[in-house]
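Heads up, the thing below is written out as C-alpha cells.
The values are calculated or read from the model by the stated rules, or taken from the named source; none is laboratory data. Since this is a predicted model, take the numbers as computed values, not measurements. Ideal geometry is used to build each Cβ from the backbone, glycine not excepted, and the neighbour counts take in all protein chains shown.
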Amino acid sequence: MNSEYAVYVVDGKIRAVCHYMCKPSTCRCKSGELAASGVQPIALDTDVVNELVTSLAAAEETSSLTAYRADFAIIKMTTSEDNTDEDEAWVTGLVEVNDGYVAGRYEDMPVPDYTDMMLSRFAALQATRHT
C-alpha cells in the first residue's frame, strides 16, 4: 500500500478528498522525500471513488447513509502470474466506510463541510428512530 485518502460525502456529493498517509517506506519515490515533503506521489482514481459514491446513494440498503467518510488506499497489484515487477500497477481500492457521525476530520476537510456531514447523519438517524 502506498497511501490513503479520506473521501467525505454528504447527501451523495463529495465534499472533500484528504490525503492522509504516505509512508517513506512505501513511497514510490523509494527514498521517501516525496512523502516527507507532503507531495502526493500517486493520484486517487476518481472513477473508482465516484462509482462507489453513486452505488451507495442508489442502493436501498444504504439509502439512510446520508453522510460518511470512505477511506481508499493506493495498492500495488501484480498483473502477471510470475509476479515480476514490470507487471505491477497501482490501483485504488476501498478500505472502509465510516459512518458520518463517528468519522474523524482530517485537516484538509473544511469545518463547514464537516459540520454538514455530522448534521446530515444525525438527522437521518433521528428520522430512522421515529419511523
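Counting the residues of region 75-124 that are assigned to a loop (DSSP other than H, G, I, E, B) and not charged (D, E, K, R) gives 12. The C-beta contact set for region 93-106 (first residue closer than 17 Å to residue 73 by Cα, second residue of a type in the set (Asp, Glu) and at pLDDT below 90, distance under 9 angstrom, 6+ apart or interchain) comprises 95/4. Answer with yes or no whether residue 47 is modelled with pLDDT of 90 or more and acidic (Asp, Glu). Spelling it out, residue 47 is indeed modelled with pLDDT of 90 or more and acidic (Asp, Glu). Looking at region 8-33, which of the residues that are part of a loop (DSSP other than H, G, I, E, B) and modelled with pLDDT of 75 or more is nearest to residue 100 (Cα to Cα)? Filtering first and then ranking leaves 11. Considering each residue of region 72-81 in turn, at least one proves to be modelled with pLDDT of 90 or more and either surrounded by 13 or more Cβ atoms within 10 Å (Cβ to Cβ) or more than 27 Å from residue 127 (Cβ to Cβ) (or both).
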